[in-house]
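*Asks:* Let me begin by handing over the structure; questions about it come next.
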Amino acid sequence: MEGFVADGVSAPLPGRCAFYVAKKKRYCKMIVGSGKTFCGEHANAGEEESEKKRIPCPLDPKHTVFEDNLAKHLKKCNSKEKPKPIYYVKDINAGSANEDEPIEEITIAERSKEELEKLIVKLKTALKGLNTKLIEKILSHAALHEPLSDPKNGDSAFKHLKQQASILGNMEVLELLSPNRCYIEFGAGKGKLSHWIHIALKAAENVNFLLVERSSTRFKVDGKHKNTGSTFDRLQVDIQHLDLSKVPLLRKKGLPIIGVGKHLCGAATDLALRCLFEHNCSDKDDEPPTKRIKLHQNEGAGDFIKPVPSTEGRETGERLIVSGLAIALCCHHRCDWRHYVGKDFFRKRGLGPEEFAAFQRMSSWATCGMRKIVSKTTDKRSEHKTGEEEEHEICEDTLPDPLNGLMSVEDREQIGWLCKRLIDHGRVYYLQQKGFETNLKYYTSRDISLENVLLTAVPTANQNTDESQQPS
């Protein structure tokens, strides 16, 4: 046919699989065997390749395997459970499972108009006396000036770069970009935030990185730093089970740590805070965090890990020095009461797990609750969604409209935003109890990311108190 192009979208690429992947809106790119039309994964799609039956892998049903080759496959499958590393301690950061009775999950659609109105009254009452007007600190950093001005970067890449630049800019203002530090990136993905921190600190000495990501990630940027003076260690472990005091790099280097994260979804933020503070620096310590950091700087790295009374479930009672954090928040609808660090804050305001479950669901209105089922407009917008927008906006209780016109789109968005801030203030309260000056701020505009709030914390004496977010 005239004008026919085998581009992998309208037709399969030469020598590649002819299976159309509807989710990706293109043909499979796997190379096929001689004389074959489909790759091994999609062999069942064609009759000529169906002599041997393929079945879902019992370890991971996302991929398939020839039935007569199952035993051999199971021995080498990448999804096979691997031996647990020394720093794996099951549920060490999960929070207590028996602290509260399990509650019945109720969707927003199942609640009556009266129930929703009572919840909104409780929400607004709980927020009284709290500073919900966040300051805007959209900054940049010289380390990203070149890629930000590179026309080769598309819209999606530009949005990520703008956010990373602002996170680094805010860290620089708080003096969190310093030598003799170990940066821990939670939910690291490809590790690009650590990459840019490394670029910003390329002239600094003794800067190391720990990248925590539970899933296997392609196209990691860690390899770009193999021959540099910094160490990049990647831990493939869920934050829920990570005991930092047993990580070899931290024990060997003996450096104060700074926690960072870009779009650390829902409960992952609470797990990261527990990982940094719950077992490593107690609010009953003899010295505040600032004094411990100064002692470390004066006495050297040898005193980085200090013995303290052992904690149940841990072989040793060692703690680390945390000198700050900067985490871009998102996906409050994925929070979990068990993991949440702001339980005491909620209880002080007469709230409990039932209200938390409701506010957690209602928080989705801030980013996707305003969507209307408008056919053409919605379809056109969705064509231009980036991967990040899809990941952080898709949530329950949004489509179809569960409120049946109970409130306007604008009011619903505002209620969702207030739910997010209440949950975040619980985190602020938790960090303040640990001796840290804590801030919530807009670090980017909503056209760059709907999830545009950054949580920062530094030891109390290191930051001006006029910017603090003080829950009363």
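The values are calculated or read from the model by the stated rules, or taken from the named source; none is laboratory data. Since the structure is predicted, the reported quantities are computational estimates derived from the model, not experimental observations. Please note: Cβ atoms are built from the backbone with ideal geometry, for glycine as well, and neighbour counts cover all protein chains shown. Surface areas here come from the heavy atoms of the whole protein model, side chains and all, with no ligands, DNA or RNA. Shrake-Rupley method; radii C 1.70, N 1.55, O 1.52, S 1.80 Å.
*Asks:* Sorted by average packing, counted as other Cβ atoms within 10 angstrom per residue and highest first, what order do 89-95, 158-164, 77-83, 201-207 take?
*Replies:* Top of the packing list down: 158-164, 89-95, 201-207, 77-83.
*Asks:* Starting with the highest mean, order 342-350, 192-200, 256-264, 57-65 by the number of other Cβ atoms within 10 Å, averaged over the residues of each peptide.
*Replies:* Going from most to least packed, we get 256-264, 192-200, 342-350, 57-65.
*Asks:* Around I258, what is the net charge, scoring Lys/Arg as +1 and Asp/Glu as -1 over all other residues with Cβ under 11 Å from its Cβ?
*Replies:* Summing Lys and Arg as +1 and Asp and Glu as -1 gives -1.
*Asks:* If you filter the range 164-203 for GluC sites (Glu not before Pro), then keep DSSP loop positions with at most 13 other Cβ within 10 Å, what is left?
*Replies:* Loop-located and lightly packed - E175.
*Asks:* A further question on this structure: Could you please report the charge total around D222, scoring K, R as +1 and D, E as -1 over all other residues with beta-carbon less than 15 angstrom from its beta-carbon?
*Replies:* +4
*Asks:* Related question: Averaging sequence separations of C-alpha pairs under 8 Å and six or more residues apart, then dividing by the length of the range 138-211, give the relative contact order as a whole percent. Could you put the intermediate results ahead of the total?
*Replies:* On the way: 78 pairs, mean separation 24.6, N = 74.
Normalised by residue count, the contact order of the range 138-211 is 33 percent.
*Asks:* Could I ask something else about it? Suppose all protein chains stay in the model; what accessible area per residue would a 1.4 Å probe give for the range 158-232, in Å²? Show your work: numbers first, answer last.
*Replies:* On the way: 3380 Å² over 75 residues.
Per residue, the range 158-232 has 45 Å² of solvent-accessible surface.
*Asks:* Using 27 Å as the Cα-Cα cut-off, could you pick out the over-long pairs in K192/K246; K192/K348; K124/K262; K128/K192; K202/K434; K25/K220? Don't skip to the answer; put the middle values down first.
*Replies:* Numbers: K192/K246 25 Å; K192/K348 39 Å; K124/K262 29 Å; K128/K192 39 Å; K202/K434 31 Å; K25/K220 25 Å.
Pairs exceeding the cut-off: K192/K348; K124/K262; K128/K192; K202/K434.
*Asks:* Once you keep just the Cα pairs under 8 angstrom separated by 6 or more residues, what percentage relative contact order results for the range 160-264?
*Replies:* 33
*Asks:* Need one number: nm distance between label points at L59 and K118, each 7 Å from Cα along Cα→Cβ, rounded to one decimal.
*Replies:* Using points 7 Å along Cα→Cβ, the separation is 5.0 nm.
*Asks:* Using a simple spin-label model with points 7 Å from Cα along the Cα→Cβ vector, what separation in nm is obtained for E105 and K202?
*Replies:* 4.7
*Asks:* Starting from the Cα of K133, step 7 Å along the direction of its Cβ; do the same at A461; then give the gap between the two resulting points in nm.
*Replies:* 3.3
*Asks:* Same structure again: Based on the Cα gyration tensor of the range 117-262, what are the three equivalent ellipsoid semi-axes, each the root of five times an eigenvalue, rounded to whole Å and given largest first?
*Replies:* Equivalent ellipsoid semi-axes, largest first: 29, 22, 17 Å.
*Asks:* Mind ranking 450-457, 407-414 by how tightly packed they are, going by the mean number of other C-beta atoms within 10 angstrom, highest first?
*Replies:* Result, highest mean Cβ count within 10 Å first: 450-457, 407-414.
*Asks:* With no solvent and one equal point scatterer placed on each C-alpha of the range 111-189, evaluate the Debye formula and give log10 I(q)/I(0) for q = 0.13 Å⁻¹, two decimals.
*Replies:* -0.68
*Asks:* Here's something else I'd like to know. Per residue of the range 10-20, in order, report the coupling 6.51 cos²θ - 1.76 cosθ + 1.60 (Karplus, θ = phi - 60°) as ³J(HN,Hα) in whole Hz, putting x for Gly and Pro.
*Replies:* So the Karplus estimates, Gly and Pro as x, are 7, 7, x, 5, x, x, 10, 4, 8, 7, 8 Hz.
*Asks:* Would you list which lysines come within 23 Å of K53, measuring only between C-alpha atoms, while excluding same-chain residues fewer than 8 positions from it?
*Replies:* Counting by Cα, and skipping residues close in sequence, K53 has these lysines nearby: K29, K36, K62, K72, K75, K76, K80.
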